[in-house]
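The values are calculated or read from the model by the stated rules, or taken from the named source; none is laboratory data. Quick caveat, the model's predicted, so the values are computed rather than measured. Reconstructed Cβ throughout: ideal geometry from the backbone, glycine too, with neighbour counts over all protein chains shown. Side chains are part of the model used for accessible areas, which takes the heavy atoms of the whole protein and leaves out ligands, DNA and RNA. Shrake-Rupley method; radii C 1.70, N 1.55, O 1.52, S 1.80 Å.
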Amino acid sequence: MAKIFIDPGHGGSDPGAVGNGIQEKDITLRIATMIRDMLVSEYEDVTVRMSRTSDETVSLSERSNAANAWGADYFVSVHVNAGGGIGFESYVYTGVGAPTTTYQTAIHNRIINLSNWSDRGKKKANFHVLRETNMPAILIENGFIDNATDANKLKSASFLSTLARGHAEGIADAFNLNKKDTGGGGSGDLYKVQIGAFRNKENADSLAEQARRDGLEAAVLFRDNLYKVQIGAFANRANAEAMEDRAKDAGYATIILTES
Ligand SMILES: [Zn+2]
(Lines give C-alpha, C1' and ligand atoms only; values in the text may rest on other atoms or scores of the structure.)
Protein backbone atom coordinates (compact mmCIF):
# COMPACT_ATOMS: atom_id res chain seq x y z
CA MET A 1 0.00 0.00 0.00
CA ALA A 2 1.59 3.28 -1.11
CA LYS A 3 0.98 6.08 1.41
CA ILE A 4 0.91 9.40 -0.42
CA PHE A 5 0.78 12.64 1.57
CA ILE A 6 -0.50 15.58 -0.47
CA ASP A 7 0.17 19.07 0.81
CA PRO A 8 -1.86 21.92 -0.69
CA GLY A 9 0.38 24.94 -0.10
CA HIS A 10 -0.69 27.83 2.16
CA GLY A 11 -4.32 28.24 3.37
CA GLY A 12 -6.34 30.14 5.93
CA SER A 13 -4.65 33.37 6.97
CA ASP A 14 -1.82 32.68 4.48
CA PRO A 15 -3.10 33.16 0.91
CA GLY A 16 0.30 32.44 -0.65
CA ALA A 17 0.94 34.31 -3.86
CA VAL A 18 -1.86 36.40 -5.29
CA GLY A 19 -2.36 37.93 -8.69
CA ASN A 20 -4.81 38.41 -11.53
CA GLY A 21 -7.76 37.96 -9.19
CA ILE A 22 -6.80 34.53 -7.86
CA GLN A 23 -5.08 33.24 -4.72
CA GLU A 24 -2.49 30.48 -4.53
CA LYS A 25 -4.17 28.81 -1.52
CA ASP A 26 -7.36 28.19 -3.53
CA ILE A 27 -5.61 26.83 -6.61
CA THR A 28 -3.39 24.48 -4.58
CA LEU A 29 -6.39 23.07 -2.68
CA ARG A 30 -8.34 22.44 -5.87
CA ILE A 31 -5.45 20.69 -7.60
CA ALA A 32 -4.54 18.65 -4.49
CA THR A 33 -8.13 17.52 -3.93
CA MET A 34 -8.39 16.32 -7.54
CA ILE A 35 -5.07 14.46 -7.26
CA ARG A 36 -6.37 12.66 -4.16
CA ASP A 37 -9.67 11.77 -5.82
CA MET A 38 -7.98 10.47 -8.97
CA LEU A 39 -5.49 8.33 -7.04
CA VAL A 40 -8.06 6.85 -4.66
CA SER A 41 -10.78 6.22 -7.24
CA GLU A 42 -8.64 5.02 -10.14
CA TYR A 43 -5.68 3.15 -8.65
CA GLU A 44 -5.18 0.09 -6.49
CA ASP A 45 -3.18 -0.13 -3.29
CA VAL A 46 -2.83 3.58 -2.60
CA THR A 47 -3.94 5.61 0.38
CA VAL A 48 -3.85 9.40 0.54
CA ARG A 49 -3.75 11.94 3.34
CA MET A 50 -3.75 15.72 2.96
CA SER A 51 -2.25 18.42 5.16
CA ARG A 52 -5.54 20.32 4.82
CA THR A 53 -8.84 19.70 3.06
CA SER A 54 -10.32 23.17 3.48
CA ASP A 55 -9.25 26.80 3.71
CA GLU A 56 -7.42 26.51 7.03
CA THR A 57 -4.12 27.76 8.43
CA VAL A 58 -1.49 25.00 8.77
CA SER A 59 2.12 25.75 9.69
CA LEU A 60 5.04 24.26 7.78
CA SER A 61 6.11 22.12 10.74
CA GLU A 62 2.55 20.84 11.20
CA ARG A 63 2.70 19.68 7.58
CA SER A 64 6.04 17.87 7.81
CA ASN A 65 5.19 16.46 11.28
CA ALA A 66 1.89 15.03 10.04
CA ALA A 67 3.58 13.23 7.14
CA ASN A 68 6.38 11.92 9.38
CA ALA A 69 3.95 10.70 12.05
CA TRP A 70 1.85 8.92 9.45
CA GLY A 71 4.91 7.27 7.91
CA ALA A 72 4.12 8.51 4.42
CA ASP A 73 5.99 6.98 1.48
CA TYR A 74 5.93 10.22 -0.45
CA PHE A 75 5.28 13.90 0.23
CA VAL A 76 3.84 16.01 -2.60
CA SER A 77 3.60 19.74 -1.98
CA VAL A 78 1.45 21.64 -4.47
CA HIS A 79 2.20 25.32 -5.04
CA VAL A 80 1.83 28.13 -7.57
CA ASN A 81 4.77 30.37 -8.40
CA ALA A 82 5.09 34.14 -8.46
CA GLY A 83 7.76 36.74 -8.94
CA GLY A 84 8.20 37.12 -12.66
CA GLY A 85 8.25 34.11 -14.93
CA ILE A 86 6.07 31.76 -16.91
CA GLY A 87 5.67 28.01 -16.97
CA PHE A 88 6.41 25.06 -14.79
CA GLU A 89 9.14 23.87 -12.42
CA SER A 90 9.55 21.31 -9.66
CA TYR A 91 11.85 21.02 -6.63
CA VAL A 92 13.48 18.34 -4.52
CA TYR A 93 15.78 18.87 -1.54
CA THR A 94 19.34 20.02 -2.19
CA GLY A 95 21.72 17.12 -2.66
CA VAL A 96 19.23 14.23 -2.75
CA GLY A 97 19.45 11.43 -5.31
CA ALA A 98 17.29 8.47 -6.30
CA PRO A 99 14.55 7.60 -5.65
CA THR A 100 13.58 11.22 -4.93
CA THR A 101 15.01 12.42 -8.24
CA THR A 102 13.47 9.48 -10.12
CA TYR A 103 10.04 10.34 -8.72
CA GLN A 104 10.63 14.00 -9.61
CA THR A 105 11.36 13.07 -13.21
CA ALA A 106 8.22 10.91 -13.41
CA ILE A 107 5.87 13.63 -12.13
CA HIS A 108 7.62 16.54 -13.83
CA ASN A 109 7.51 14.87 -17.24
CA ARG A 110 3.86 13.82 -16.94
CA ILE A 111 2.79 17.36 -16.09
CA ILE A 112 4.88 18.89 -18.89
CA ASN A 113 3.49 16.42 -21.43
CA LEU A 114 -0.13 16.94 -20.44
CA SER A 115 -0.03 20.71 -19.93
CA ASN A 116 2.38 21.65 -22.73
CA TRP A 117 3.74 24.23 -20.30
CA SER A 118 7.17 25.68 -20.89
CA ASP A 119 9.65 23.66 -18.86
CA ARG A 120 11.67 25.73 -16.38
CA GLY A 121 13.42 22.62 -15.19
CA LYS A 122 13.81 20.09 -12.41
CA LYS A 123 15.37 22.06 -9.56
CA LYS A 124 16.69 21.67 -6.02
CA ALA A 125 16.09 23.91 -3.02
CA ASN A 126 16.34 24.02 0.76
CA PHE A 127 12.60 24.34 1.48
CA HIS A 128 11.19 23.32 4.88
CA VAL A 129 8.83 20.64 3.58
CA LEU A 130 11.60 19.07 1.48
CA ARG A 131 14.17 19.21 4.28
CA GLU A 132 12.08 18.22 7.32
CA THR A 133 10.17 15.31 5.82
CA ASN A 134 11.63 11.84 6.44
CA MET A 135 10.46 10.46 3.11
CA PRO A 136 11.11 11.42 -0.53
CA ALA A 137 9.45 14.76 -1.18
CA ILE A 138 8.67 17.05 -4.09
CA LEU A 139 7.42 20.61 -4.30
CA ILE A 140 5.67 21.58 -7.50
CA GLU A 141 5.25 25.12 -8.76
CA ASN A 142 2.25 25.12 -11.10
CA GLY A 143 2.79 28.24 -13.18
CA PHE A 144 2.99 31.90 -12.19
CA ILE A 145 -0.07 33.49 -10.63
CA ASP A 146 1.26 36.98 -11.39
CA ASN A 147 1.66 36.21 -15.09
CA ALA A 148 -1.55 36.87 -17.03
CA THR A 149 -1.07 33.95 -19.44
CA ASP A 150 -0.45 31.41 -16.67
CA ALA A 151 -3.18 32.89 -14.46
CA ASN A 152 -5.73 32.54 -17.26
CA LYS A 153 -4.87 28.86 -17.50
CA LEU A 154 -5.17 28.47 -13.72
CA LYS A 155 -8.66 29.99 -13.89
CA SER A 156 -9.79 27.10 -16.13
CA ALA A 157 -11.31 24.13 -14.30
CA SER A 158 -10.30 21.78 -17.09
CA PHE A 159 -6.70 23.00 -16.98
CA LEU A 160 -6.56 22.40 -13.21
CA SER A 161 -7.93 18.92 -13.87
CA THR A 162 -5.19 18.36 -16.46
CA LEU A 163 -2.56 19.44 -13.93
CA ALA A 164 -4.02 17.10 -11.31
CA ARG A 165 -4.02 14.31 -13.89
CA GLY A 166 -0.30 14.93 -14.51
CA HIS A 167 0.49 14.74 -10.79
CA ALA A 168 -1.61 11.57 -10.37
CA GLU A 169 -0.13 9.77 -13.38
CA GLY A 170 3.37 10.75 -12.32
CA ILE A 171 2.80 9.41 -8.80
CA ALA A 172 1.36 6.23 -10.35
CA ASP A 173 4.48 5.90 -12.51
CA ALA A 174 6.78 6.49 -9.55
CA PHE A 175 5.07 3.90 -7.33
CA ASN A 176 4.07 1.44 -10.07
CA LEU A 177 0.42 1.80 -9.15
CA ASN A 178 -2.00 -0.35 -11.11
CA LYS A 179 -5.24 1.02 -12.48
CA LYS A 180 -8.38 -0.32 -10.85
CA ASP A 181 -10.56 -2.52 -12.98
CA THR A 182 -13.81 -0.59 -12.89
CA GLY A 183 -15.96 -3.09 -14.72
CA GLY A 184 -16.11 -3.99 -18.39
CA GLY A 185 -14.41 -7.16 -19.47
CA GLY A 186 -11.74 -7.03 -16.83
CA SER A 187 -9.22 -6.68 -19.64
CA GLY A 188 -7.18 -3.97 -17.94
CA ASP A 189 -7.34 -1.97 -21.19
CA LEU A 190 -7.81 1.78 -21.19
CA TYR A 191 -10.17 3.27 -23.78
CA LYS A 192 -9.24 6.78 -24.84
CA VAL A 193 -11.68 8.96 -26.73
CA GLN A 194 -9.91 11.20 -29.22
CA ILE A 195 -11.42 13.94 -31.38
CA GLY A 196 -8.36 15.03 -33.33
CA ALA A 197 -4.61 14.68 -33.88
CA PHE A 198 -2.43 17.43 -35.33
CA ARG A 199 1.17 18.21 -36.21
CA ASN A 200 0.44 21.81 -35.30
CA LYS A 201 -0.14 22.56 -31.60
CA GLU A 202 -2.29 25.64 -32.31
CA ASN A 203 -4.80 23.50 -34.21
CA ALA A 204 -5.02 21.05 -31.33
CA ASP A 205 -5.38 23.84 -28.78
CA SER A 206 -8.14 25.51 -30.73
CA LEU A 207 -10.09 22.25 -31.13
CA ALA A 208 -9.66 21.55 -27.40
CA GLU A 209 -10.88 25.06 -26.58
CA GLN A 210 -13.94 24.58 -28.77
CA ALA A 211 -14.65 21.20 -27.15
CA ARG A 212 -14.45 22.77 -23.69
CA ARG A 213 -16.95 25.39 -24.75
CA ASP A 214 -19.16 22.45 -25.73
CA GLY A 215 -18.83 21.04 -22.22
CA LEU A 216 -16.28 18.32 -22.97
CA GLU A 217 -13.24 17.81 -20.73
CA ALA A 218 -10.63 18.16 -23.46
CA ALA A 219 -6.90 17.75 -22.93
CA VAL A 220 -4.10 18.07 -25.46
CA LEU A 221 -1.46 15.35 -25.22
CA PHE A 222 1.76 15.13 -27.21
CA ARG A 223 2.12 11.51 -28.32
CA ASP A 224 3.95 9.92 -31.25
CA ASN A 225 4.90 13.36 -32.59
CA LEU A 226 1.28 14.48 -32.77
CA TYR A 227 -0.79 16.82 -30.63
CA LYS A 228 -3.81 14.70 -29.75
CA VAL A 229 -7.04 16.07 -28.38
CA GLN A 230 -8.51 13.64 -25.89
CA ILE A 231 -11.84 13.99 -24.09
CA GLY A 232 -11.59 11.08 -21.70
CA ALA A 233 -9.94 7.79 -20.83
CA PHE A 234 -11.99 4.94 -19.40
CA ALA A 235 -11.36 1.49 -17.99
CA ASN A 236 -14.82 0.52 -19.18
CA ARG A 237 -15.46 0.47 -22.93
CA ALA A 238 -19.18 1.28 -22.51
CA ASN A 239 -18.27 4.51 -20.73
CA ALA A 240 -15.90 5.44 -23.55
CA GLU A 241 -18.65 4.76 -26.10
CA ALA A 242 -21.09 6.91 -24.14
CA MET A 243 -18.57 9.76 -24.22
CA GLU A 244 -18.02 9.16 -27.93
CA ASP A 245 -21.78 9.43 -28.55
CA ARG A 246 -21.89 12.71 -26.64
CA ALA A 247 -19.04 14.10 -28.76
CA LYS A 248 -20.60 12.88 -32.01
CA ASP A 249 -23.87 14.54 -31.08
CA ALA A 250 -21.93 17.76 -30.62
CA GLY A 251 -20.49 17.33 -34.13
CA TYR A 252 -17.03 15.93 -33.45
CA ALA A 253 -15.29 13.18 -35.38
CA THR A 254 -14.19 10.67 -32.79
CA ILE A 255 -12.14 7.53 -32.47
CA ILE A 256 -11.56 5.26 -29.49
CA LEU A 257 -7.95 4.20 -28.96
CA THR A 258 -7.35 1.13 -26.85
CA GLU A 259 -4.26 1.12 -24.69
CA SER A 260 -3.34 -1.99 -22.80
ZN1 LIG B 1 3.55 28.60 -2.41
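Give just the number: which of (1) more than 15 Å from the ligand (Cβ to nearest atom); (2) at pLDDT 95 or above; (3) not aromatic (Phe, Trp, Tyr) does Glu42 not satisfy?
For Glu42, the failing item is (2).
Inside the range 217-260, counting only strands (runs of 3 or more DSSP E) that do not spill past its ends, which hold 2 or more residues that are closer than 19 Å to Ser161 by Cα and open to solvent by less than 30 Å² (accessible area, probe 1.4 Å)?
219-223, 226-234
Among the numbered criteria (1) at pLDDT 95 or above; (2) over 29 Å from Asp224 (Cα atoms), which one does Ala106 miss?
That leaves (2) as the condition not met.
On the basis of being within 16 Å of the ligand (Cβ to nearest atom), open to solvent by 10 Å² or more (accessible area, probe 1.4 Å), in contact with a helix residue (DSSP H, G or I) (Cβ under 6 Å, 6 or more places away or on another chain) and not assigned by TED's automatic domain parsing to the domain that holds Arg246, does His167 make the cut?
No: the conditions fail for His167.
Residue by residue through the range 50-102, note down the ones that are within 15 Å of the ligand (Cβ to nearest atom), of a type in the set (Val, Ile, Thr) and under 20 Å from the mean Cα position of the chain (by Cα).
Val76, Val78, Val80
Check the range 96-103 and report whether any residue there is open to solvent by 60 Å² or more (accessible area, probe 1.4 Å), in the same structural domain as Ser64 (by TED's automatic domain parsing), out of contact with any Leu (no Cβ under 7 Å at 6 or more places or on another chain) and under 18 Å from Ala32 (Cβ atoms).
Checked the range 96-103: no residue is open to solvent by 60 Å² or more (accessible area, probe 1.4 Å), in the same structural domain as Ser64 (by TED's automatic domain parsing), out of contact with any Leu (no Cβ under 7 Å at 6 or more places or on another chain) and under 18 Å from Ala32 (Cβ atoms).
Here is a list of conditions, (1) farther than 20 Å from Val40 by Cα; (2) surrounded by fewer than 21 Cβ atoms within 10 Å (Cβ to Cβ), and Leu160 meets all of them except one; can you say which number that is?
In the conditions (1) farther than 20 Å from Val40 by Cα; (2) surrounded by fewer than 21 Cβ atoms within 10 Å (Cβ to Cβ), Leu160 misses (1) alone.
Where the second residue is surrounded by fewer than 19 Cβ atoms within 10 Å (Cβ to Cβ) and the first is free of Cβ contacts under 8 Å to residues at least 40 places away in the same chain and lies in the range 80-100, which pairs have Cβ atoms under 7 Å and are six or more apart or on separate chains?
Thr94/Lys124; Thr94/Ala125; Thr94/Asn126
Considering only residues that are at pLDDT 95 or above and surrounded by fewer than 14 Cβ atoms within 10 Å (Cβ to Cβ), look in the range 71-95 and name the one that is farthest from Met135 (Cα to Cα).
Out of the qualifying residues, it is Gly83.
Output the residues belonging to the range 1-39 that are open to solvent by 30 Å² or more (accessible area, probe 1.4 Å) and more than 16 Å from the ligand (Cβ to nearest atom).
Hits for the range 1-39 are Met1, Lys3, Gly21, Thr33, Met34, Arg36, Asp37.
Does the range 48-58 include one or more residues that are assigned by TED's automatic domain parsing to the domain that holds Ala157, of a type in the set (Lys, Arg) and open to solvent by less than 20 Å² (accessible area, probe 1.4 Å)?
Within the range 48-58 (the criterion being assigned by TED's automatic domain parsing to the domain that holds Ala157, of a type in the set (Lys, Arg) and open to solvent by less than 20 Å² (accessible area, probe 1.4 Å)), the answer is yes, since at least one residue qualifies.
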